[in-house]
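Values quoted throughout were computed directly from the atomic coordinates according to the rules given, and no laboratory measurement underlies them. On a predicted model such as this, the values are computed, not experimentally measured, just so you know. Positions of Cβ are backbone-derived with ideal geometry, glycine not excepted, and every protein chain shown enters the neighbour counts.
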Amino acid sequence: MVGNDALPVDLEPACQSDPIECEGVITIENPAFVFDLPVNEVVAEFKQQLQEQGADRSWENDYDGFEVFHLKAENAIRKVVDHTHPRVSECSSPGIVIENIGPDAERHYDSWEDVAEAWVREWIRMYNSILKARTEEDIDQLQVDIEEAGRNNLLTTEDVKAVTEQLTGP
């Protein structure tokens with residue numbers, strides 16, 4: 001888990017299609033096969049980062065509008081999830097998040113935590129959606145290729161795995 005020193009969470013592809021959830025915040029029914037965010041950690045650390053920026057106080061005391069909250073949220077997610085990672089940099093879309101949450105957020109959310117959960121939920125959904133769109137076809141083709149290779153009686157699943165590891169390197 002990320003500590004106060006704001007190290008990004010570890011990304012590790014789940015390589016499964018089971019729903020992913022953070023109870024009460026988000027459920028991803030159809031995750032990208034290589035979805036790699038530890039959702040519970042991301043949500044918890046995101047909220048912690050927002051608190052450290054004073055987003056809780058500014059929202060509750062109506063010091064700032066949603067645009068300022070959005071900037072704090074964008075800064076928080078960058079501290080929680082490493083945006084220099086190619087997958088994250090290509091699949092992150094905070095601009096769409098602000099559009100989807102909308103400038104009328106003050107009227108729709110009662111507390112900073114509600115708007116924080118809505119923001120991170122939308123960010124995770126967009127990340128999954130973009131990741132899925134950009135990888136699904138390649139993964140499907142890879143599955144077809146592996147199945148075709150497995151039809152050769154001389155190649156086992158372990159052989160295919162070993163060859164893949166050898167070809168892709170450490």
- Item | CD proxy at 222 nm, helix term only [per DSSP H run n ≥ 4: -39500 (n - 2.57); per residue of the chain; nearest 500] | -19500 deg cm²/dmol
- Query: Viscosity 1.567 mPa s, temperature 4 °C: Stokes-Einstein D of the stretch 103-170 from its Kirkwood Cα radius, in µm² per second?
  - Reply: 82 µm²/s
- Query: What lysines sit close enough to residue 79 to cross-link, taking a C-alpha to C-alpha distance under 29 Å and skipping anything fewer than 8 places away on the same chain?
  - Reply: 47, 132
- Cα-based Rg and Dmax for the chain, in Å, come out at 19.3, 69
- Item | Convex hull volume per residue for the stretch 60-114, taking Cα atoms only, in Å³ | 83 Å³
- Taking the convex hull of the Cα atoms, report for the stretch 54-148 its projected area averaged over all directions, in nm². 6.9 nm²
- Cα-projected label distance for residue 168 with residue 139, points at 7 Å along beta-carbon direction, nm: 1.2 nm
- Message: With a cut-off of 8 Å between alpha carbons and a minimum separation of six or more residues, what is the relative contact order of the chain in percent?
- Response: 22 percent
- Message: To test your reading of the geometry: what angle, between 0 and 90 degrees and rounded to tens, separates the Cα axis of helix 66-80 from the longest principal axis of the chain?
- Response: 40 degrees
- Query: Of 38, 95, 160, which is farthest along the charge dipole of the stretch 36-168 in the positive direction, counting Lys and Arg as +1 and Asp and Glu as -1 at C-beta?
  - Reply: 160
- Query: Using mean Cβ contacts within 10 Å as the protection proxy, how do 105-116, 72-83 order, highest first?
  - Reply: 72-83, 105-116
- Note, residue 43: beta-carbon cut-off 11 Å, +1 each Lys/Arg, -1 each Asp/Glu, net -4
- Task: Could you tally the net charge around residue 20, taking each other residue with its Cβ under 14 Å from the Cβ of residue 20, Lys/Arg +1 and Asp/Glu -1?
- Result: -4
